[in-house]
Amino acid sequence: MSYTNLKDFFSAEIAENGMPQQLADLLIGISETCKHISFEVSRGALAGVLGMAGTENVQGEDQKKLDVISNDLMVDGCARTGAVCGIASEEMDHCLTVPADMPVGPYLVCFDPLDGSSNIDINVSIGTIFSVLPGPRGADRNVTDADFLQPGSNQLAAGYVVYGPQTQMVFTLGRGVLMFTLDRESNEFVLTNATVQIPAAAKEFAINCSNMRHWENPVKRYIAELLEGKTGVRGKDFNMRWVAAMVAEVHRILNRGGIFMYPRDNRDPCKPGKLRLMYEANPMSWLVEQAGGRATNGYDRILGIQPETLHQRVAVFLGAAEEVDLVGSYHKE
């Protein structure tokens, strides 16, 4: 069986489907940066990169050393491609513009440099999530936070790299979902799944049940029905999974189906959810939709939400179409 590496794939996309060269350059740059992050993650305690950095990000969350390292690598890696005019990260208060001594391009890039960082020190899968948006004025260095406030439906590319037993890059250009695996011998990402699809029905669900007492009633009802199994109204048994890293949860769903939920709860009425719209919900929702699934905040399609702030939070229900539609119907009742 022959495999296509990432660079050859983009060469074909440019020749056959008119993919802009700079967009390919940006995605290749992200892939190369993620190889570096994968290496740092794999070294772990050997390199002294585990543990806390002693700083907080804009959300008031304690940063791990690898959060900071990964963020610096992604900022530098994206800027050096010459394809971006602005960079926004979950770990930074505001967007960054491209330094004056570097070329500027027509794209904006958003990322969560190391999703699931609570798992870093226990050697559980984590990853990098990215989203590419059009620069509103093309290749313009005068980018502000407001320029990033575009709905997820504007994305030009989105995906993630998961650092697990294998390092895999999963992305969409709006024509389905592709999965590439890093071949350690050649140090190239090679195509291993070109037909990623999520079954409409599900047998697995992922949610943090420790928050059950804080959930709204539609979520409590839905989860109670799943837990009743064959003897309940659903008439079948479900398995629960929870990795506490969105990358790992979505990766499982893309490979074998299911539904992932991070609903809003009543602990802080000012927060409509836990996950970030720009860095997590939008790119993952587009991937899931491109694989035949659904993604909502319980009421509305996530990709249709107009962002109001760079670090806006949102409730997330994504995965198998039948399950997302059902829990959404309970919200709308």
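A short reminder: the numbers here are calculations on the coordinates, not readings from a lab. In this text, all values refer to a predicted model and were calculated from it rather than measured experimentally. Reconstructed Cβ throughout: ideal geometry from the backbone, glycine too, with neighbour counts over all protein chains shown.
Observations on the structure shown:
- Legend: helices of the chain (whole DSSP H runs) are marked when their alpha-carbon atoms reach 20 angstrom or more along the helix axis and their mean Kyte-Doolittle hydropathy is at least -1.0; marked are 21-43, 65-79.
- Peptides ranked, highest mean first, by Cβ atoms within 10 Å: ranges 130-137, 181-188, 301-308: 130-137, 301-308, 181-188
- Database remark: amide H of Asn193 closer than 5 angstrom to the amide H of Met179 (H placed geometrically; neighbours at sequence offset of 5 or more, or on other chains; Pro and chain starts carry no H).
- Residue order, fewest to most beta carbons within 10 Å, for Asp25, Asp72: Asp72, Asp25
- For the stretch 296-311, the Karplus equation 6.51 cos²θ - 1.76 cosθ + 1.60, evaluated at θ = phi - 60°, returns couplings of 9, 9, x, 10, 10, 4, 4, 5, x, 6, 7, x, 10, 9, 5, 10 Hz by residue, with Gly and Pro reported as x.
- The stretch 6-193 shape via C-alpha gyration tensor axes, a/c threshold 1.5: oblate
- Residues whose placed amide H lies under 5 Å from that of Asp115, excluding near-sequence neighbours: Gly127, Thr128, Ile129
- Residues Cys34, Cys85 in ascending order of nearby Cβ atoms (within 10 Å, fewest first): Cys85, Cys34.
- The packing ranking of peptides 273-282, 151-160, highest mean first, is 273-282, 151-160, where packing means the average number of other beta carbon atoms within 10 angstrom of each residue.
- Cβ-to-Cβ counts within 10 Å put Met246, Met284, Met169, Met212 in ascending order as Met212, Met169, Met246, Met284, the fewest first.
- Low-density loop positions, trypsin sites (Lys or Arg not before Pro), the stretch 187-223 - DSSP coil, at most 11 other Cβ in 10 Å: none
- Label point distance in nm, Asn208-Arg43, each placed 7 Å from Cα along Cα→Cβ: 3.0
- More than 36 Å apart - percent of Cα-Cα pairs taken over the chain: 16
- Residue-averaged [θ]222 nm for the chain, counting only DSSP H segments that reach four residues, each worth -39500 (n - 2.57): -9000 deg cm²/dmol
- Residue by residue, the stretch 147-163 carries 3J(HN,Hα) couplings of 5, 7, 7, 10, x, x, 5, 7, 4, 9, 7, 7, x, 8, 10, 9, 9 Hz when phi is fed to the Karplus relation 6.51 cos²θ - 1.76 cosθ + 1.60 (θ = phi - 60°); x denotes Gly or Pro.
- Of the GluC sites (Glu not before Pro) in the stretch 215-268, those whose Cβ has at most 15 other Cβ within 10 Å and which sit in DSSP loop: Glu216
- Residues whose amide H falls under 5 Å from that of Leu156, counting only those 5 or more places apart or on a different chain, are Val132, Leu133, with hydrogens built in the peptide plane.
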